[in-house]
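> Sharing a structure with you now.
Just so it is clear, none of the values below were taken in a lab; they were calculated from the coordinates. The structure displayed is predicted, hence computed values, not measured ones. Neighbour counts are summed over all protein chains in view; Cβ atoms, including those assigned to glycine, are modelled from backbone coordinates with ideal geometry.
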Amino acid sequence: MEEEKEVEPPQQPNHHNQDLPQVLVLGSPTCLQTLKQLYSHKFRFLIPNTSLHSLSAPLSSISVVICSASFPLTASVIGLLPSLRLVVTTSAGTDHIDLNECRCRGIQIAGAGKFFSDEVADMAVGLLIDVMRKVSAADRFVRTSCESATWSFPLGYKVSGKRIGIVGLGSIGMEVAKRLECFGCNILYHSKHKKSTVPYPFYNNVLDLAATSNALVLCCALNEETRHMVNREVMLALGKEGFIVNVGRGGLIDEKQLVKCLMDGEIGGAALDVFEDEPNVPKELLSMDNVVLTPHCAAFTTECIIKLCEVVARNIEAFLSDMPLITQVNIG
Ligand SMILES: O=CC(=O)O
């Protein structure tokens with residue numbers, strides 16, 4: 001993941017850190033360094049070293065938590081925090097949070113909302129081009145064969161004009177569609193509901209979508225309905241010259257079956273930013289040239305980090321002054 005740039009700290013009033021509202025930080029949000037630089041004059045960030053019990057403040061005093069997508073905010077963690085009232089996740093996805101427990105406890109959740117949609121869509125298109133045109137594989141080839149007498153590199157597949165099945169036509173999926181329309185691609189989609197406002201053909205299941213698409217781009221949230229929605233049958237329907245791009249969550253794909261299909265040449269290739277058991281990646285994938293792997297970094301760019309910190313801080317400030325959150329996640 002990209003190193004964060006040094007940010008000039010703002011002029012800080014001379015607060016006693018102990019007097020500031022406490023904010024517990026769980027996981028290691030990509031924006032943490034910047035958050036501390038920009039907002040340590042407003043909040044007292046509590047960052048556990050190893051266990052939650054290593055904190056300098058009692059757990060019972062904590063009402064606000066910031067967490068990253070990689071931190072499982074389970075019912076048992078939530079149970080350690082009896083005063084918890086607000087969770088701010090630095091991700092758009094909320095599958096790492098026990099939403100039911102939050103609902104029962106009346107804990108509000110704020111997320112990154114649509115904030116990353118451009119970034120993730122850019123990355124999805126980049127990954128699609130990479131896996132179909134073998135960009136990363138070609139890069140590796142040149143680095144190892146630049147002194148060969150001749151170059152002979154296998155052909156990739158054309159992206160322009162292809163039929164692209166988008167799974168999840170929310171704000172990220174729409175941005176992917178917009179970009180790929182400019183490539184002359186035919187956009188098809190599967191979503192929880194058909195959208196009356198879009199011109200693209202709707203498929204009410206992923207299997208039919210896969211059967212008619214050259215590539216699937218997974219942009220949807222992970223939940224009990226979408227877990228393993230891309231199973232072996234879907235991969236076989238996509239076929240030997242079909243590709244999968246996943247910028248959603250690893251659990252959307254049955255990863256074991258994906259490895260098997262790739263090993264048996266049942267699908268053309270896959271470009272994955274997310275995995276079922278991050279940061280573990282099935283080792284079989286590491287040596288495959290028709291697979292592109294990135295470390296769950298699609299959402300983050302140099303440009304978005306400061307803005308993301310602003311969103312986090314504004315949500316906490318809104319909560320502390322009893323105002324509506326600015327990017328509230330509706331959990332019913
Ligand atoms: O994965 C990142 C996010 O959910 O924003």
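> Find the percent of Cα-Cα distances in the chain that exceed 36 Å, and round it to a whole number.
Percent of Cα pairs beyond 36 Å in the chain: 27.
> Right, something else. State the extension gain, in nm to one decimal, for the chain segment bounded by ARG133 and GLN18, taking 0.36 nm per residue of separation less the distance between their alpha-carbons. All intermediate terms of the calculation are to be shown ahead of the outcome.
Working: separation 115, 0.36 × 115 = 41.40 nm, distance 5.50 nm.
Value of the extension gain: 35.9 nm.
> What residues have an amide H closer than 5 Å to that of ILE97, excluding those fewer than 5 places away on the same chain, when H is modeled at 1.01 Å from N in the peptide plane?
Here the answer is LEU73, since their amide H atoms fall under 5 Å of that of ILE97.
> Give a quick list of GluC sites (Glu not before Pro) in segment 99-161 that DSSP marks as loop, anything other than H, G, I, E or B, with at most 13 other Cβ atoms within 10 Å.
Hits after loop and neighbour filter: GLU147.
> Run lengths n ≥ 4 of DSSP H only: what is the helix-derived mean residue ellipticity at 222 nm for the chain, with -39500 (n - 2.57) per run over all residues, to the nearest 500?
Details: 10 runs with 101 residues, N = 332.
Taken over the chain, the calculation gives -9000 deg cm²/dmol.
> Is there a pair in LYS162/LYS260; LYS134/LYS260; LYS194/LYS307; LYS114/LYS260; LYS162/LYS256; LYS162/LYS195 whose C-alpha atoms are over 29 Å apart, and which pairs would that be?
Values: LYS162/LYS260 25 Å; LYS134/LYS260 20 Å; LYS194/LYS307 32 Å; LYS114/LYS260 34 Å; LYS162/LYS256 27 Å; LYS162/LYS195 22 Å.
Check vs 29 Å cut-off fails for LYS194/LYS307; LYS114/LYS260.
> Given C-alpha coordinates of segment 155-270, what is the ratio Rg to Rh with the Kirkwood estimate of Rh?
0.94
> Can I ask one more? Explain nothing, just compute: Karplus ³J(HN,Hα) = 6.51 cos²θ - 1.76 cosθ + 1.60, θ = phi - 60°, for every residue of segment 32-43 in order, whole Hz, x for Gly and Pro.
4, 4, 5, 4, 5, 5, 8, 10, 5, 7, 9, 10
> I've got another one for you. Rank-order 52-63, 172-183 by packing density, defined as the average count of other C-beta atoms within 10 Å over each peptide's residues, highest first.
Most protected by this proxy first, the peptides run 172-183, 52-63.
> Ok, one more. Which whole-Hz ³J(HN,Hα) couplings does segment 101-117 yield from phi under the Karplus relation 6.51 cos²θ - 1.76 cosθ + 1.60, θ = phi - 60°, glycine and proline marked x?
Whole-Hz 3J(HN,Hα) from phi for segment 101-117: 4, 4, 4, 5, 8, x, 8, 7, 10, 10, x, 7, x, 8, 4, 9, 4.
> Related question: What is the diffusion coefficient of segment 124-201 in µm²/s, taking the Kirkwood radius over Cα pairs and the Stokes-Einstein relation at 4 °C with a viscosity of 1.567 mPa s?
In µm²/s, the coefficient rounds to 90.
> Only counting other Cβ atoms within 10 Å, I'd like SER40, SER76, SER91 sorted with the fewest neighbours first.
Starting with the residue having the fewest Cβ neighbours, the order is SER76, SER40, SER91.
> Where a Cα-Cα gap under 20 Å defines reach, which aspartates and glutamates qualify for LYS192, not counting those fewer than 8 residues away within the same chain?
The qualifying aspartates and glutamates are ASP95, GLU175, ASP208, GLU224, GLU225, GLU233, ASP254.
> Amide H neighbours of VAL292 under 5 Å, at least 5 residues apart or on other chains, H built in the peptide plane: list them.
So VAL292 has HN proximity to ALA270, ALA271, LEU272.
> Same structure, new question: Extension gain LEU293-ASN330, at 0.36 nm per residue separation less the Cα-Cα distance, in nm?
Working it through step by step, the gained length comes to 10.1 nm.
> Under the Karplus relation 6.51 cos²θ - 1.76 cosθ + 1.60, θ = phi - 60°, what is the ordered set of whole-Hz ³J(HN,Hα) values for segment 128-136, x standing for Gly and Pro?
4, 5, 4, 6, 7, 9, 6, 5, 5
> Charges on Cβ only, +1 for Lys and Arg, -1 for Asp and Glu, centred on the Cα centroid of the chain; of LEU325, MET288, THR30, which one is farthest towards the dipole's positive end?
It is LEU325.
> P(r) for segment 163-216, please, calculated from all Cα pair distances in 10 Å bins and given in %.
In order of increasing distance, the bins hold 28, 61, 11 percent.
> Using modelled backbone amide H atoms (1.01 Å from N, in-plane), which distant-in-sequence or interchain residues come within less than 5 Å of ALA110's amide H?
When sequence neighbours closer than 5 places are left aside, the close amide H contacts are VAL87, VAL88, THR89, VAL329.
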